[in-house]
1. Can you find even one residue in segment 39-55 that is surrounded by 10 or more Cβ atoms within 10 Å (Cβ to Cβ), part of a helix (DSSP H, G or I) and among the hydrophobic types (A, V, I, L, M, F, W, C)?
2. Being part of a helix (DSSP H, G or I) and loosely packed, with under 10 Cβ neighbours inside 10 Å is the filter here, so list the residues in segment 14-36 that pass it.
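Values in this text are rule-based calculations from the coordinates and carry no lab data. If you're wondering where the values come from, they're calculated on a predicted model, not measured in any experiment. Neighbour counts run over all protein chains shown; Cβ positions are idealised from the backbone, glycine included.
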Amino acid sequence: MYKQLLRPIFFSFDPEKIHHFTFSLVKFTSKIPGFKSIYRSLYVIENPKLERNVLG
């Protein structure tokens, strides 16, 4: 769906405007109950192999 529909639409606009639109949309939807957990399940990766100890 992204490559067929959304990508052509997004690429027809100014990149900076689409960037601001996308982040505004994420900010707006994150205030809707349940959306933070949806984002977390899609984008947060918890893997011990990826953990790092920095400055400690």
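1. Among the residues of segment 39-55, not one is surrounded by 10 or more Cβ atoms within 10 Å (Cβ to Cβ), part of a helix (DSSP H, G or I) and among the hydrophobic types (A, V, I, L, M, F, W, C), which makes the answer no.
2. Passing the criteria: PRO15, GLU16, LYS27.
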